[in-house]
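The values are calculated or read from the model by the stated rules, or taken from the named source; none is laboratory data. In this text, all values refer to a predicted model and were calculated from it rather than measured experimentally. Quick reminder, even Gly has a Cβ in these numbers, built from the backbone with ideal geometry, and neighbours come from all protein chains shown. The area values use the complete protein model at the heavy-atom level, side chains included, leaving out ligands, DNA and RNA. Shrake-Rupley method; radii C 1.70, N 1.55, O 1.52, S 1.80 Å.
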Amino acid sequence: MEEVITEELIEQAISNPDNQSPADLTDKTVVYFDQKVWGEIRDAKVNADSDHTSLDELAQRSVNEADFVYPFSLENIIETSAASDVEFKADVYDMMMDLSRNHSIRNYPYVFDHEARSYICERHNLLPELDSKSYVFGKGTAHAAGEWKIESEKGVPEEVMDEFIKVIRDEEVNRRLLHARLTEDAPEVTPEHKREYEDRYREKVQEVGEELELEDLEERSLYLSDVFIDTLMPRVRGYCRDLGLNPLWPILYDPRQLSFEAFFRRFPAFYTYSTLHFAVDAHTDREPEFNDVLDISQLAVAAPYADIVVTEQFFAGMLHRFDVGDAFDTEIYQDVDAFRQFLEETLD
C-alpha cells in the first residue's frame, strides 16, 4: 500500500483555511487515550457480537456534537507502528485521525523546555506570559515530534516556506503519512533490549527501593528535587543566560525548604513525570515493564494539560494518589467502561 501525496492534495492543503494558523483548543474538551485504550476501542469496534454502541461511535459523536477532541501523541504512533497486525494498525491510525481531527500533543522534552521558559516569564515583569495549551496541542504528526524549523536554501521565497507549513498541518496529508508507515519497517525495540532495560531498572529499584516510601512526603520531596536539579535546572539556567539574566535569579532559594507541591506544580509536565517515576520506583513489589517508559512520557504531558485522561489502572491510580487530576483540573479514568458511561450521560 503506497500512500501518495499528489500535487492536487498539496494544492488543497495550501488553500485550506484550517491550515493557516496553529491549533486553538481553548473551547474544546481535550481527551487523551493511552495506547492500551486505543487498542481496546479498536478491538471492541471490530467485535461483531457487541450489542452496544461502540465506544468509537460515542467518541465520534462527542467530536461532532460536543466539541470533544482526542489528540494523538508520538508514543501512540510509535506503539501503533510496532504492532505486527497491519489491519490493526490501519484501523487505529484511522480512528486517531477521525477522533483527533489531526490534533496532536507535543512530546515531553519540548514541554519541559516550554515550562522552563514559562517559569522565567512568570517571574519577570517585562516578559509576556506564555500560552501553554496552544504550545502543547497542535496540528499534525510534525507537531507531536517536537520543535523544528525549516532551513531554506538561498533564494527560496518566504511564501514558499509558509506554504510548506500549511501542507504539514493538513489532515489528509497526515492521514496518508500515517498509512505510509503500514508498509515501512517501523523502528523496533528488540525483546533483548526490553529485557536489558527491565533488568537494569529492577537493579536500580532494588538499590533505592528500601529507602523510598510511597507515603513519605519528605522522601518524595527530596526525590523530585533531585530530578529537578538534573532535568529542569539546566533549562532554567540556559534560558536565563539567553535573556542576559543572572542564572541564579529565579532559583535563589532551595525548593526543598518550601512547599514542594506548590513549587513543582509550576512545572506541570515535569511534576507529573517525576511523580510517576517516583511511584514506579517506590513500588518494589511491581515488576518493571519497558512500556513504563512510554506510559510515563505521554502521561507527563497529557495528565496536566488535557481535560480528560483515560489510562491503565496502575498509572490512573498513581495520578489519583498524588492528586495530579485535582491539581490541574483533569478528570482521570482508569477503564473504558467508566469513560463510556460518562460519554453516554454527556451526549443524552
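Need pairs with beta-carbon distance below 7 Å; first residue closer than 14 Å to Q35 by Cβ and within the range 63-80, second surrounded by fewer than 18 Cβ atoms within 10 Å (Cβ to Cβ); sequence gap 6+ or separate chains.
Once the first residue is closer than 14 Å to Q35 by Cβ and sits in the range 63-80, its partners that are surrounded by fewer than 18 Cβ atoms within 10 Å (Cβ to Cβ) give L74/A145.
Output the residues belonging to the range 113-142 that are within 27 Å of Q20 (Cα to Cα), part of a helix (DSSP H, G or I) and open to solvent by less than 20 Å² (accessible area, probe 1.4 Å).
Selection gives H114, E115, S118, V136, G140.
Among the listed residues E192, E261, which satisfies the condition of being assigned to a helix (DSSP H, G or I), modelled with pLDDT of 65 or more and under 30 Å from K89 (Cβ atoms)?
Working: E261 fails: under 30 Å from K89 (Cβ atoms).
When all the criteria are applied, what remains is E192.
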